[in-house]
Amino acid sequence: SGVMAGKRGALIVLEGVDKAGKTTQCNKLVQALQQSGQSVEMMRFPDRTTIIGQLISAYLEKKSDLEDHVVHLLFSANRWEMVPSMKKKLEQGTTLVVDRYAFSGAAFTSAKPGFCLDWCKKPDVGLPKPDLVMFLQLSPAQAALRGQFGEERYEIDDFQRTVQQKFDQLMKDPSVNWQEIDASQSIEDVHREITTHSLNTINTAQNLPLGELWK
Ligand code: NYM
């Protein structure tokens with residue numbers, strides 16, 4: 001808004017189960033967009049640099065235990081604390097490439113016993129709505145070929161299968177602009193696909209208002 005208002009940046013999210021290549025692809029996408037002259041920044045959730053992020057990081061590294069509802073709300077709070085700066089950057093015309101967002105939040109917690117997807121989505125209702133969510137699709141068998149999981153919490157085969165099912169449920173929601181990407185392709189082929197979708201989204205988003213997620 002405002003007299004001098006230029007075109008806003010796009011909010012672009014990469015999601016997927018662990019080992020799908022999200023971080024690699026986020027980095028390559030940011031580089032490619034920069035080279036094509038776009039103003040772009042990368043973000044990741046959890047953002048482990050804040051006070052809330054440090055609590056989350058200690059939990060993931062199994063250095064601390066937190067009650068399951070509490071850690072869920074901390075993941076959400078870690079997104080909300082970034083919202084003012086995200087909105088400012090988008091308004092200034094900077095595109096944000098985000099490694100995980102509320103979809104990881106809902107999928108990972110709802111994979112725990114006793115949690116339903118609906119409850120898990122609630123704290124993130126109203127977050128800035130991504131203009132595009134690319135889901136890097138990789139079967140558990142293909143993920144296994146990429147080596148062992150790490151030592152962090154949640155990096156267990158069975159749990160990841162349940163997380164995948166929760167993502168499948170989330171992807172049925174047509175209010176979100178999902179693009180499924182076959183992550184079993186080569187890094188360069190995945191990158192080309194992601195860059196094409198992103199450039200298209202940057203073009204269409206610049207004339208549209210930023211939406212509110214799940215609202
Ligand atoms: N994770 C990530 C959640 O459980 N909830 C969330 O809201 C987010 C953003 O944290 N296994 C989980 C998914 C991952 C772990 O992510 C850390 P990364 O991308 O490995 O740092």
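The values are calculated or read from the model by the stated rules, or taken from the named source; none is laboratory data. Being a predicted model, the structure only gives us computed values, none of them experimental. Quick reminder, even Gly has a Cβ in these numbers, built from the backbone with ideal geometry, and neighbours come from all protein chains shown. Ligands, DNA and RNA are stripped out before the accessible areas are found, and what is left, the full protein with its side chains, is counted by its heavy atoms. Shrake-Rupley method; radii C 1.70, N 1.55, O 1.52, S 1.80 Å.
So the values come out like this:
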read-out	value
Calculated FRET value between Lys7 and Lys112, using beta carbons and R₀ = 30 Å, to 0.05	0.15
Listed residues Phe159, Cys116, Val70: farthest to the positive end of the dipole of region 70-198 (Cβ charges)	Val70
Fraction of beta bridges assigned by DSSP in the chain that are antiparallel (%, nearest 5)	10 percent
Asp68 paired with Glu91, simple spin-label distance in nm, labels 7 Å along Cα-to-beta-carbon	4.0 nm
Interchain or long-range residues, amide H under 5 Å from Arg44's placed H	Asp99
0 to 90° range, to nearest 10: angle between helix 51-60 axis and the chain longest Cα axis	40 degrees
Dipole magnitude of region 1-102 about its Cα centre (Cβ charges: Lys, Arg +1; Asp, Glu -1), debye to nearest 20	420 debye
Protein accessible area in the chain, 1.4 Å probe - carbon and sulfur %	52 percent
Surface accessible to a 1.4 Å probe, per residue, for the residues of the chain, Å²	49 Å²
Charge dipole magnitude, Cβ of K and R +1, D and E -1 - region 1-54, Cα centre, debye nearest 20	80 debye
In region 3-53, the trypsin sites (Lys or Arg not before Pro) that fall in loop regions by DSSP, at most 13 other Cβ within 10 Å	Lys7
Charged-residue dipole, Cβ positions (Lys, Arg, Asp, Glu), the chain about Cα centre, Debye nearest 20	540 debye
For Gly211, distant residues with modelled amide H under 5 Å away	Lys129
Shape parameters for region 117-192, alpha-carbon atoms, Rg then Dmax in Å	14.4, 38
Helix-derived mean residue ellipticity, 222 nm - over the chain, DSSP H n ≥ 4, -39500 (n - 2.57), to 500	-14000 deg cm²/dmol
Whole-Hz couplings from phi, Karplus 6.51/-1.76/1.60, listed for region 191-207; x for Gly and Pro	4, 4, 4, 5, 5, 4, 4, 5, 4, 4, 5, 4, 5, 7, 5, 4, 9
Exposed-loop-free span, longest in the chain, where GluC sites (Glu not before Pro) count as exposed if DSSP calls them loop and at most 10 other C-beta atoms lie within 10 Å	68-150
Charge dipole of the chain about the Cα centre (unit charges at C-beta), most positive-ward option of Thr94, Gln179, Pro130	Thr94
Virtual spin-label span in nm between Glu152 and Thr204, 7 Å along Cα→Cβ	3.1 nm
Radius of gyration and maximum dimension Dmax of region 152-215, Cα, Å	15.3, 43
Cα-derived Rg to Rh of region 1-147, Kirkwood definition	0.99
Sites matching trypsin sites (Lys or Arg not before Pro) across region 51-83 that sit in DSSP coil, with at most 14 neighbouring C-beta atoms within 10 Å	Lys62, Lys63
